[in-house]
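For reference, the structure is listed below as C-alpha cells.
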Amino acid sequence: MKSNTGCLWLRLVGLVIGASLLSACATVSSEQDIGACPPVVEYDAGFQAQAAKEVQALPKETAIVEMLNDYAVMRDQARACPI
C-alpha cells in the first residue's frame, strides 16, 4: 500500500501559501491615505495678473480653460482641507 504523506504534505504547503497570500492582500489598502492635505502653491499678484491675461486670450471652449477651472476647484478644496 502506498503512503499519501507526500501528497498530503504538498496540499498542506499549498494551503499555507495560499492562506498567507490571501491574508496579505486583505490587510493592504489600494488607496494611500497619507493623512495630510496637499500643499497649495501661492502665486504673487504679478504672476496671477499675467496668467489671467493669458487665459483671457484663449478661446472660451478650449480644454485648457476647463482644466484650469477644475484646478481652481481642487485648490479651494486643498485650502479647506483640515490638517
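Computed from the coordinates by the stated procedures, all read-outs in this text should not be read as laboratory data. Remember, predicted model here, so these are calculated numbers, not experimental data. Quick reminder, even Gly has a Cβ in these numbers, built from the backbone with ideal geometry, and neighbours come from all protein chains shown.
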Open item on the list: In 10 Å bins starting at zero, report the fraction of Cα pairs in the stretch 41-83 per bin as a rounded %.
Closed with: 24, 47, 25, 4
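Using 1/(1 + (r/R0)^6) with R0 = 25 angstrom and r between the beta carbons of LYS53 and ALA80, what's the FRET efficiency to the nearest 0.05? All intermediate terms of the calculation are to be shown ahead of the outcome.
On the way: r = 28 Å, r/R0 = 1.12.
FRET efficiency, LYS53 to ALA80: 0.35.
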